[in-house]
1. Restricting to region 16-68, give me the number of residues that are touching a residue at least 60 places away in the same chain (Cβ under 8 Å) and surrounded by fewer than 15 Cβ atoms within 10 Å (Cβ to Cβ).
2. Report, by residue number, each residue of region 1-15 that is in contact (Cβ under 8 Å) with a residue 12 or more places away in the chain and more than 21 Å from residue 79 (Cβ to Cβ).
3. When residues of region 59-88 are filtered for being assigned to a helix (DSSP H, G or I), among the hydrophobic types (A, V, I, L, M, F, W, C) and modelled with pLDDT under 80, how many remain?
4. Return the pair list, or none, for Cβ contacts closer than 8 Å from residues in region 109-121 that are part of a loop (DSSP other than H, G, I, E, B) to residues that are among the polar types (S, T, N, Q), at least 6 apart or on different chains.
5. Any idea which of 93, 81, 97, 86 is charged (D, E, K, R), surrounded by fewer than 19 Cβ atoms within 10 Å (Cβ to Cβ) and touching a residue at least 40 places away in the same chain (Cβ under 8 Å)?
6. Please go through (1) closer than 13 Å to residue 69 by Cβ; (2) outside any strand (DSSP E or B) for residue 10 and return the number of the only condition it doesn't satisfy.
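The values are calculated or read from the model by the stated rules, or taken from the named source; none is laboratory data. Keep in mind it's a predicted model, so treat the numbers as computed, not measured. Glycine also receives a Cβ, built like all others from the backbone with ideal geometry; neighbour counts cover every protein chain displayed.
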Amino acid sequence: MPEIISSTFVLAVNDLEASKRFYSDKLGFKETLRVDGWSFLSRGACKLRLGHCPEAQPMSKCQDHSWFAYLHVQDATNLFKEFVSKNVEIWHKLADKPWGMREFAIVTPDGHRIVFGEKIA
């Protein structure tokens, strides 16, 4: 069966420059390509394409469906500390879950939520 070898999340953002700064300065992503209306970013295996959509309804208005990714990480504890030190808005604090994951979640300036999880040994 063919395998999925990578993934890229495509997000509509109201202010491309502000969102790009957030992902770069606060979350440690690097911009790999810039084309008209788009910023392509990556950190490790996670790739993002931010699309400038100034008229799009912000995800903060869609509370029930505003999270877009569950990212499996190594060392969730130190990643959580990294983001807290950069004043990233925390949606759910770091906690061990009954399904065997250590997780936390953040909120982006556009209202998207991202969950980060590490399998508990």
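1. 2
2. Residues satisfying the conditions are 10, 12, 13, 14, 15.
3. Selection size over region 59-88: 1.
4. That search, which allows pairs on different chains as well, returns 109/19; 110/14; 110/19; 110/60; 111/60; 111/66; 112/66.
5. 86
6. (2)
For (1) within 22 Å of residue 11 (Cβ to Cβ); (2) among the hydroxyl-bearing types (Ser, Thr, Tyr); (3) outside the structural domain of residue 24 (by TED's automatic domain parsing), each residue gets a yes or a no:
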{"site": "59", "(1), (2), (3)": "yes, no, yes"}
{"site": "75", "(1), (2), (3)": "no, no, yes"}
{"site": "81", "(1), (2), (3)": "no, no, yes"}
{"site": "90", "(1), (2), (3)": "yes, no, yes"}
{"site": "93", "(1), (2), (3)": "no, no, yes"}
{"site": "97", "(1), (2), (3)": "no, no, yes"}
{"site": "101", "(1), (2), (3)": "no, no, yes"}
{"site": "108", "(1), (2), (3)": "yes, yes, yes"}
{"site": "116", "(1), (2), (3)": "yes, no, yes"}
